[in-house]
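Take a look at the structure set out below.
The values are calculated or read from the model by the stated rules, or taken from the named source; none is laboratory data. This one's a predicted model, so the numbers in the text were calculated from it and none came from an experiment. Cβ placement follows ideal geometry from the backbone for every residue including glycine, while neighbour counts extend to all protein chains displayed. Just the protein is used for accessible areas: all its heavy atoms, side chains included, with ligands, DNA and RNA removed. Shrake-Rupley method; radii C 1.70, N 1.55, O 1.52, S 1.80 Å.
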Amino acid sequence: MSTNNKQTSLTIGLFGFGVVGECLYQVIANTPTLNATIKKVCIKHPEKKRNAPHSLFTTDSQLLLDDEEINVIVELTNDPTDAYRIVTTAIKGNKSVVTANKKMIADNLKELIELQSKFGVPLLYEAACCASIPVIRNLEEYYDNDLLHSISGIINGSTNYILTKIAEENKSFEDALNEAQLAGFAETDPSLDVEGIDAVNKLSILLTHAYGSITLPSHILHAGITQLQLSDAAYAKEKGYVIKLLAHARKLADGSIIAFVLPRFVKADERLREVRNEYNGVEIESSLADKQFFYGKGAGGFPTASAVLSDLSALRYNYKYEYKKLNYTPPTLLSNEFYLHVSVSFNNTQIVAVQQFAQVDEWVINESGCRISGIVHASSLLQNDWWRQPGVSLVVLPQSVVEDFSSATTSGILSLIP
Ligand code: HSE
């Protein structure tokens, strides 16, 4: 390992000079106390004009990976495949690594943990979850012995920005997304944001640090905001709710861990309601500390660079994730055996049948469409795609998880409103 207590100076090889890479370059240049230098930056498109000396750049990744003077690789590319190669090669070459690539981490976490352990090299990725909010390090360090009941939060800045602009300024989805892209909040492929994939990648990483569960994102129930309908906005207004894309993980009374990313109606008295634009908010509930709320910018160049900077600073005292929940507690597997309170709107009575529900609480048909509210089983949502069809939208109700649901009934109220 290249960084230890004696050697506190960091010689960095940086991959990627996009929004975050450029901000990090500026931050490091203005933080002399960090005792860090960027020796070389590897980029894909040398023809692009950049605000840094030309001599800093190369397109040859090996120049960084083979340079023995470089003791830290910072990976800030937008390509998970490239990121995987860079990060694994760097670890095998005994270089410390800092990355922000949540998709690459979430898809390969088991292997990355094994590699870190085999080579004794730190791999830090605070910037991968909620940008400026130090959520991973808090889960690792602060809550290492406290029993975590739940983590709930807005962990994607772009979708929160879009939903805020639609709700507060009547902007169209396209205009709001365009703004999120221009501001550098959105992923290069923004479908990762709006389809809930970025959020579920982050949730999958958080699950490892919170509960010791390594779960591929594709195994976690998730959806984004693209299927939301005007009727959902109208319903939210009528009930005094706002719609947010929420990530949720919880330990149930039987010890199992559940998790999902879905749009949810948020009530007026909930803290998450105040999380607007590109901000993120994470509420952690634990046995001893009770409820704590973390709030901060969840996307953008400088907020993300601040988390990278904090990881770099941690490398100077040889900090590594210990994966305490994974290593020191019994293995925890994710369960999809749970029920959710949801409201489903649709415009064709043939698409959504009441049989999809374990319990129907309300069924409204009027000129703007149909809505069924009730309880559904999470496995049935994972296994069936009726709720992903065009014209159908599913939004979780504020009570969200039903812990003690045992008997299936369909004795709901049917309202026919002409
Ligand atoms: N596209 C991400 C977001 C960037 O909007 O949250 C920060 O991870």
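Before moving on, here are some points about what is shown:
- Extension reserve of the D404-E169 stretch, reckoned as 0.36 nm per residue once the Cα distance is removed: 80.6 nm
- For the range 232-265 versus the range 293-365, the inter-centroid distance based on Cα atoms is 10 Å.
- Members of K244/K324; K44/K95; K110/K251; K103/K239 lying beyond 28 Å, as alpha-carbon distances in this model show: K244/K324; K103/K239
- Taking every protein chain into account, the accessible area of the chain amounts to 43 square angstrom per residue (probe 1.4 Å).
- By the rule of a C-alpha distance below 19 Å, with chain neighbours fewer than 8 residues away ignored, the lysines paired with K237 are K165, K171, K267.
- In the chain, the portion of solvent-accessible area held by carbon and sulfur atoms comes to 50 percent [1.4 Å probe, whole percent, DNA, RNA and ligands not counted].
- Percent antiparallel among DSSP beta bridges (both partners in the chain, rounded to 5): 65 percent
- Ellipticity estimate at 222 nm from DSSP helix runs (n ≥ 4, -39,500 (n - 2.57)) divided over the chain, nearest 500: -9000 deg cm²/dmol
- Neighbourhood net charge (13 Å Cβ-Cβ; Lys/Arg +1, Asp/Glu -1) for G240: +1
- Inter-centroid distance (Cα atoms) of the range 63-98 relative to the range 190-230, Å: 26 Å
- The range 103-247 pair-distance distribution - Cα-Cα, 10 Å bins, rounded %: 10, 37, 31, 17, 4, 1
- Exposed loop sites, defined as GluC sites (Glu not before Pro) outside DSSP H, G, I, E and B with at most 15 other Cβ atoms within 10 Å, are absent from the longest region of the chain, namely 70-321.
- A Cβ-based charge dipole, computed about the Cα centre of the range 221-343 with Lys and Arg at +1 and Asp and Glu at -1, lands at about 200 debye.
- In the context of the full protein assembly, R85 retains an accessible surface of approximately 100 Å², using a probe radius of 1.4 Å and ignoring ligands and nucleic acids.
- Against the main long axis of the alpha-carbon atoms of the chain, helix 80-92 sits at an angle near 40°.
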